[in-house]
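Worksheet for the structure shown next.
The values are calculated or read from the model by the stated rules, or taken from the named source; none is laboratory data. Everything numeric here is computed off the predicted structure, so don't read it as measured data. Cβ coordinates were reconstructed from backbone atoms using ideal geometry, including for glycine residues, and neighbour counts include every protein chain displayed.
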2 protein chains.
Amino acid sequence: MNTRAKKTNHQTPCTLCPVRQLGIFQRLPEAEVIKVQQYRSGQCVLPAKTLIYRQGEVHNHLYTVFTGWVMLYKTLSNGSRQILRYVLAGDFLSFQPDARVPMTHSAQTLTETTLCVFPRQNLMQLFNEHPEVAAQITLITARDITLSYEYLVNIGRKNARERLAFLFLEIYHRVLPQFPETGNTIIFPLTQEDIADTVGLTLVHVNRTLRSLREEGLVQLSHHKLTILDYPRLVSLAGFNLQNIMNQPLL
Amino acid sequence: MNTRAKKTNHQTPCTLCPVRQLGIFQRLPEAEVIKVQQYRSGQCVLPAKTLIYRQGEVHNHLYTVFTGWVMLYKTLSNGSRQILRYVLAGDFLSFQPDARVPMTHSAQTLTETTLCVFPRQNLMQLFNEHPEVAAQITLITARDITLSYEYLVNIGRKNARERLAFLFLEIYHRVLPQFPETGNTIIFPLTQEDIADTVGLTLVHVNRTLRSLREEGLVQLSHHKLTILDYPRLVSLAGFNLQNIMNQPLL
DNA sequence: ATTTGACATTAACCTAGGTTAATTTCTATG
DNA sequence: CATAGAAATTAACCTAGGTTAATGTCAAAT
């Protein structure tokens, strides 16, 4: 990982971890969590725009995102980039269980980010000793697939306005549980180029489409703040279905 | 599931299962497999074009594909369809671990297909009693994500020729281990409309692009047979990387 | 052998989104 | 507060791929 990363001194005990409410360990009993903690190797804070791992390289850590935004992306030989997913607080990062295989994508922070680190070597041991955790991870991974299927539909079968509407709603709904006080406005650190590389358009066309959405009073995006102006119309434009997005276990 | 489905009388014991060489139980010791077998509820043969489950409906079985082709897809409110993935022999089907949540996509056979059936209720029990299996499933699911990321790149950032080249190579390499005697020609049951709905194009443009690939001596597709004519050029056109595709544990 | 419906093929035309390039904000830094 | 690089915005023009629609081919069913 990048050298600017600093390992924090204070190590939050897993039982006090704020992301427990959001992510993987939600349903694990207290005792289970305390046992899991011993596999953890630490916690670290990364500045914005830090590469966490690079496509093609072997990488020996797994992470849970504590706070901040991370993006996963692939780079093609012609230089273009496809962003695969945004990883937010409570999400799992770099889940590729075989430590010998090089990563197939890269990960980079968008904002300052705090990660909780597990060495990959401990994973199989953790699985064997705590099958509960393996089951939880399977569940999360299955939901990640569901999300990436939504992205496939979004890029493969929708027009520009629909694609943006969907992206905004998807992110809005994943940010909401972290900041319940948030109204219709969330902090949104993506540039228009990031948006373009997420939904398979060019940045110029993203800009045009944003203007059209703004002029129609659907969303407003500026200075890294996104405001949902007309939620119902946006939902219907995007063909948005909450169920396919949420990372929390669904009741 | 469809009523035309017939449950076969003869039940292959899991230890003799031909897909064991390909799929999930590859690394499980014999004794483990015998124990897993008791969770199985049966084996069934479905004709081509059978709906296995439908988007929006709760579905209480999990499957391993024994022989045949299955496609997963989503249908939008405007009637268009996005194919998400082809499920081949040895692959896992409908992995959505929470039985109460409706399926987010549909599954339909393309050819006659034999499935091995697990009731979903047994899954958590299986996980708890056999963490080995949970770990294997995690591994497979992680690889499914890798594949769907490849699809995202394919649709989001490549032109028509590149998309088709990639699809052909991806499928070719997944079919190969099943039929080692196959030369450069494989059976390829997709229609041009299926191809279009997989790579985010229209069937008319798929036809045009196929002609162009044929005229340049790259691939030949007719009568449900696909022939790879110029493998190296196809690989370079597609930006194809084997590692991201294979479902087998890599080394 | 004929019918039928599904699938493939082609042509003519059109448009959503891409390309290029210039200009205008921001925002971080000295 | 000045400056530079990053990000946003806009306009003019272009093309890859979409649309419509007609025709051809094949295989299953009678």
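Among the residues of this structure, A:LEU234 does not count as one that is more than 14 Å from DNA strand C (Cβ to nearest atom), touching a Gly at 6+ places or on another chain (Cβ under 8 Å) and not charged (D, E, K, R). From the list A:LEU250, A:LEU167, the one residue that fits, being within 14 Å of chain B (Cβ to nearest Cβ) and at pLDDT below 95, is A:LEU250. Does A:ALA134 satisfy the condition of being in a helix (DSSP H, G or I) and either under 30 Å from B:THR202 (Cα atoms) or within 16 Å of DNA strand C (Cβ to nearest atom) (or both)? Considered against the rule, which asks whether it is in a helix (DSSP H, G or I) and either under 30 Å from B:THR202 (Cα atoms) or within 16 Å of DNA strand C (Cβ to nearest atom) (or both), A:ALA134 comes out as no.
Scanning region B:50-61 for residues that are in contact with a Lys or Arg (Cβ under 7 Å, 6 or more places away or on another chain), away from chain A (no Cβ under 13 Å) and part of a loop (DSSP other than H, G, I, E, B) returns B:THR50, B:ASN60.
Just to be sure before I move on: is B:LEU147 over 17 Å from the mean Cα position of the chain (by Cα) and modelled with pLDDT under 95 in the structure I sent? Here the answer is no, as B:LEU147 does not meet what is asked.
Please indicate, with yes or no, whether at least one residue in region B:148-164 is more than 26 Å from A:ASN159 (Cβ to Cβ) and touching a helix residue (DSSP H, G or I) at 6+ places or on another chain (Cβ under 7 Å).
No: region B:148-164 contains no residue that is more than 26 Å from A:ASN159 (Cβ to Cβ) and touching a helix residue (DSSP H, G or I) at 6+ places or on another chain (Cβ under 7 Å).
Number of residues in region A:175-206 that are closer than 21 Å to B:ILE155 by Cα, within 14 Å of DNA strand C (Cβ to nearest atom) and not aliphatic (A, V, I, L, M): the value is 7.
Residues in region A:129-151 that are facing another protein chain (nearest Cβ under 7 Å) and farther than 14 Å from A:ILE245 by Cβ: 7 in all.
Among the residues making up region A:64-108, those that are closer than 19 Å to A:ARG120 by Cα and in contact (Cβ under 8 Å) with a residue 60 or more places away in the chain are A:GLY90, A:ASP91, A:PHE92.
Where strands (runs of 3 or more DSSP E) fall entirely within region B:62-119, those with at least 2 residues that are within 14 Å of chain A (Cβ to nearest Cβ) and either of a type outside the set (S, T, N, Q) or under 10 Å from the mean Cα position of the chain (by Cα) (or both) are at B:70-75, B:81-87. The residues of region A:217-237 that are within 16 Å of A:LEU176 (Cβ to Cβ) and away from DNA strand D (no atom under 16 Å from the Cβ), listed by number, are A:ILE228, A:TYR231, A:LEU234, A:VAL235.
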